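The values are calculated or read from the model by the stated rules, or taken from the named source; none is laboratory data. Remember, it's a predicted structure, so these values are computed and weren't measured experimentally. Note that each Cβ is placed from the backbone with ideal geometry, even for glycine, and that neighbours are counted across all protein chains shown. Heads up: the accessible areas ignore ligands, DNA and RNA and are worked out on the full protein's heavy atoms, side chains in. Shrake-Rupley method; radii C 1.70, N 1.55, O 1.52, S 1.80 Å.
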Amino acid sequence: MRIGKPKHFYKVTVVLLILTSFFTMKTLIAKDTLVEPIEKEVDLEAFELESNIFEIDITFSDIKLEANKQQAIEVKDKQYTTSGSIATDSDRFIDSGSLTDASQNDLWFFTVDSNRTIIFQLDSDNSDYFVELYRVDWSNGTATPMGLKGQSGETVAHSSLPEGDWALVVNSKGEVGQPYTIRMNATNPQGATGIVSASTSLQYLVLSYGNGDVYANGSYVFNELEANDHLDWERNFVFEWDGNYNRRLHKVSSVKIKSISAPVSYQASYASSNNAILIYLDRETLFTHFEAYFRSGPPTQYENSFVDTIGKVTPRRLDADDLTNWGDHILVYDLDTNQTIDFFSVLNYYYASGAEAIPTINYLN
């Protein structure tokens, strides 16, 4: 389903343009003399989306990961089938288990092939349960605690997990027998300083870094302090026949970022992704809308316009009016291809006019 803000319902009139004058391509368009608006009711609530950020109130642990060899435990084989030892083969997972008198600790093995940031949680009604990070050495068959641990209900984060083989070990200080859920995400590079957003399962995690970088599950998204030309988006439609053509161009560039969402799946007529992020645009982002048609005649005809759907002349920078009165303006960034795939906004003619349906957006968990 589409996720929208729980606001009151209202409609506004969006200006869609019919060109009425003949002029050359170099002519500067002025909306009050060159276009005649027609009225169409558009539900602006459809263009207002909650970012659905699940906030985690934690700080990154600054402890140095050091092996406590006196408390090392034996691990006999990398391939485990018992309920007490689980090989995940993944740098993120969510699973469940239960400690018993026969199996009083569970080992959840995983491997990272580069230095990472790790965040993990243990949830259980048993307050005696705790989880601890172990370094695994398969060559000598040992797993050694590293001093990073958390109680049930606590979220643990560390920004410097070296590459290699690891295990999260679930144990109890007292009673056993109750179930638990364990969550872990170590997909992002080392050095993270903050959590931008996360899914409740921790399987989707967006982190920020001291140099301004933002990563989502290991994919670089943007830098908060620099230009982000890789986020630019353009959609250029040209329909040609018998020497005639219709053209419509949308372009977003010089991207200024207000906020980003947790990862989503995105399905629209024009673009789709099962692993995307929504980038909410801020003031000063550059937007261009251009339309033109040419008829070879006779008589020869050519008309064009740089006026957007709400009657403003482009190219122009988004301003306070755009953000306050015209919903959200969102770039959809595919985390698998590292490309901007769509622009969801009332400024997008295809969505404002109803030529294409409002996209379906589901937040990933």
Just wondering, is there one or more residues in the stretch 251-259 that are crowded, with 20+ Cβ neighbours inside 10 Å and over 13 Å from the mean Cα position of the chain (by Cα)? yes
Could you pull out the residue among Gly150, Gly97, Gly164 that is modelled with pLDDT of 90 or more and at positive phi? Gly164
For residues that are closer than 15 Å to Lys256 by Cα and assigned to a strand (DSSP E or B), scanning just the stretch 289-322, find the one that is most open to solvent (accessible area, probe 1.4 Å). Arg317
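Within the stretch 337-349, does at least one residue satisfy the condition of being open to solvent by 10 Å² or more (accessible area, probe 1.4 Å) and over 30 Å from Leu207 (Cβ atoms)? Walk me through how you get there before you give the answer.
Let us first name the residues in the stretch 337-349 that are open to solvent by 10 Å² or more (accessible area, probe 1.4 Å), namely 337-341, 349.
Then keep just the ones that are over 30 Å from Leu207 (Cβ atoms); that gives 349.
Among the residues of the stretch 337-349, at least one is open to solvent by 10 Å² or more (accessible area, probe 1.4 Å) and over 30 Å from Leu207 (Cβ atoms), which makes the answer yes.
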Quick one: which residue in Gly212, Gly191 is touching a residue at least 40 places away in the same chain (Cβ under 8 Å) and at positive phi? Gly191
Where Ile341 falls short, out of the listed (1) modelled with pLDDT under 95; (2) hydrophobic (A, V, I, L, M, F, W, C); (3) in contact with a Ser or Thr (Cβ under 7 Å, 6 or more places away or on another chain): (1)
Would you point out the residue of the stretch 57-78, among those that are assigned to a loop (DSSP other than H, G, I, E, B) and among the acidic types (Asp, Glu), that is farthest from Asp137 (Cα to Cα)? Asp57
Counting only residues in the stretch 277-288 that are part of a strand (DSSP E or B) and either among the hydrophobic types (A, V, I, L, M, F, W, C) or in contact with a helix residue (DSSP H, G or I) (Cβ under 7 Å, 6 or more places away or on another chain) (or both), the one farthest from Asp322 (Cα to Cα) is identified as Ile277
Can you confirm whether the stretch 100-113 contains a residue that is of a type in the set (A, V, I, L, M, F, W, C), over 23 Å from the mean Cα position of the chain (by Cα) and open to solvent by 70 Å² or more (accessible area, probe 1.4 Å)? yes
Among the residues of the stretch 189-221, the number that are open to solvent by 60 Å² or more (accessible area, probe 1.4 Å) and under 16 Å from the mean Cα position of the chain (by Cα) is 2
Looking only at the stretch 121-140, decide whether some residue is open to solvent by 60 Å² or more (accessible area, probe 1.4 Å), out of contact with any Ser or Thr (no Cβ under 7 Å at 6 or more places or on another chain), under 23 Å from Glu154 (Cα atoms) and at pLDDT below 95. no
Is the stretch 222-238 home to any residue that is under 30 Å from Phe287 (Cβ atoms), out of contact with any Ser or Thr (no Cβ under 7 Å at 6 or more places or on another chain), polar (S, T, N, Q) and surrounded by 14 or more Cβ atoms within 10 Å (Cβ to Cβ)? yes
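Somewhere in the stretch 235-246, is a residue farther than 29 Å from Arg317 by Cβ, charged (D, E, K, R) and more than 19 Å from the chain's Cα centre (by Cα)?
Kept after step one, since they are farther than 29 Å from Arg317 by Cβ, are these residues of the stretch 235-246: 239-245.
The next check asks that each one be charged (D, E, K, R); those that pass are 240, 242.
Cutting the leftovers down to more than 19 Å from the chain's Cα centre (by Cα) gives us 240, 242.
Taking every residue of the stretch 235-246 in turn, at least one turns out to be farther than 29 Å from Arg317 by Cβ, charged (D, E, K, R) and more than 19 Å from the chain's Cα centre (by Cα).
Would you point out the residue of the stretch 350-365, among those that are β-branched (Val, Ile, Thr) and open to solvent by 40 Å² or more (accessible area, probe 1.4 Å), that is nearest to Thr200 (Cα to Cα)? Explain how you work it out, then say what you get.
Taking the stretch 350-365 and keeping what is β-branched (Val, Ile, Thr), we get 358, 360-361.
Filter once more, so that each one left must be open to solvent by 40 Å² or more (accessible area, probe 1.4 Å): 358, 360.
Working: Ile358: 26, Thr360: 21 Å.
Among residues in the stretch 350-365 that are β-branched (Val, Ile, Thr) and open to solvent by 40 Å² or more (accessible area, probe 1.4 Å), the one nearest to Thr200 (Cα to Cα) is Thr360.
Of all residues in the stretch 217-276, which are outside any strand (DSSP E or B) and within 30 Å of Gly297 (Cβ to Cβ)?
Of all residues in the stretch 217-276, those outside any strand (DSSP E or B) come to 217-218, 224-232, 242-243, 254-256, 261-263, 268-271.
Matches in the stretch 217-276: Asp242, Gly243.
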